[in-house]
Every structure is written in C-alpha cells, then in structure tokens.
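Enquirer: Supplied in structure tokens, the structure appears directly below.
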Amino acid sequence: MVKIRLARHGAKKRPYYRIVVTDSRAARNSRPIEEVGRYNPCVEPSMIQIDLEKVDKWIANGAQPTDTVAHLIESARKEA
C-alpha cells in the first residue's frame, strides 16, 4: 500500500518535515517514491508548501494520506 506521510529532517529539537509518497512498509526516512511538499512547524506561522496537483494524482491512484498529512492538505487547500 502506498502512503502519503511525513519524513522527518532537520536538527535535534528543530524538526523539518517533507511530505512524501512512499510504500507503507518502508522506513520513515527511506527513499520516497516522490516528494510532494514540505512542512516547517518551527516558524511562525507554520510553513506548509504542498503541490496539490501531485497529491490529487496520487490519491486518485490509491495512495492513502496519514491523519496528520490529511490535516495539512486541508489547511493548504484553505490557503489556496
């Protein structure tokens, strides 16, 4: 099963996330199939950059977003 989820990057106590499409059995920071966005919760306001066209394409092909990513996608749609 293909998932759209967060991959953690950044320094200790300064997380920075990439929103990636990956196999659900793969490790969190393993090589993704495709990167579709970025999320930085450490800046005010939080930075959310998502390529909604790519996300829609992957969801149409059966990819399932995690709960957190689904919430971020909703926030990005409201801003756009």
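Enquirer: Between Arg31 and Ser75, what is the spin-label point distance in nm, taking each point 7 Å from the Cα along the Cα→C-beta axis?
Expert: Result: 3.1 nm between the two label points.
Enquirer: Please list, ordered by chain and number, the residues whose modelled amide H lies under 5 Å from the amide H of Ala63; skip anything fewer than 5 residues away on the same chain.
Expert: Placed amide hydrogens put nothing under 5 Å from Ala63.
Enquirer: Here is a follow-up. Given Gly37, Tyr17, Ile59, which one lies farthest toward the positive end of the charge dipole of region 2-79, if we put +1 on the Cβ of every Lys and Arg and -1 on the Cβ of every Asp and Glu?
Expert: Tyr17
Enquirer: To continue, here is another question. Whole-Hz Karplus ³J(HN,Hα) for region 28-41, in order, using 6.51 cos²θ - 1.76 cosθ + 1.60 and θ = phi - 60°, x for Gly and Pro?
Expert: Coupling constants for region 28-41: 4, 10, 6, 5, x, 5, 7, 9, 10, x, 9, 9, 10, x Hz.
Enquirer: Quick one: what are the phi-derived ³J(HN,Hα) couplings along region 62-67, Karplus 6.51/-1.76/1.60 with θ = phi - 60°, whole Hz, x for glycine and proline?
Expert: Once rounded to whole Hz, the list reads x, 6, 10, x, 6, 4.
Enquirer: Give me the one-decimal nm value for the distance between modelled label points at Ser24 and Ala60, 7 Å along each residue's Cα-to-Cβ direction.
Expert: Simple spin-label model gives 2.3 nm for this pair.
Enquirer: May I pose another question? On the Cα set of the chain, report Rg and Dmax in Å, please.
Expert: According to the Cα coordinates of the chain, Rg and Dmax are 12.2, 36 Å.
Enquirer: Treating only the Cβ atoms of Lys and Arg (+1) and Asp and Glu (-1) as charged, compute the dipole magnitude of the chain about its Cα centre; round to the nearest 20 debye.
Expert: It works out to roughly 480 debye.
Enquirer: If you don't mind, another one. For the chain, which whole-number percentage of the solvent-accessible area (1.4 Å probe, protein heavy atoms only) is attributable to carbon and sulfur atoms?
Expert: Answer for the chain: carbon and sulfur cover 48 percent of the accessible area.
Enquirer: Specify the longest stretch of the chain that does not include any exposed loop site, a site being one of the trypsin sites (Lys or Arg not before Pro) with a non-H, G, I, E, B DSSP assignment and at most 14 other Cβ atoms within 10 Å.
Expert: Within the chain, the longest run free of exposed trypsin sites (Lys or Arg not before Pro) spans 29-80.
Enquirer: Hey, can you grab everything whose amide H is under 5 Å from the amide H of Glu34? Only 5+ residues off in sequence or another chain; H modelled, so Pro and N-termini drop out.
Expert: For Glu34, the qualifying residues are Val21.
The values are calculated or read from the model by the stated rules, or taken from the named source; none is laboratory data. Computed from a predicted model, the values in this text were never measured in an experiment. Every residue, glycine among them, receives a Cβ derived from its backbone with ideal geometry; neighbour counts consider all protein chains shown. Heads up: the accessible areas ignore ligands, DNA and RNA and are worked out on the full protein's heavy atoms, side chains in. Shrake-Rupley method; radii C 1.70, N 1.55, O 1.52, S 1.80 Å.
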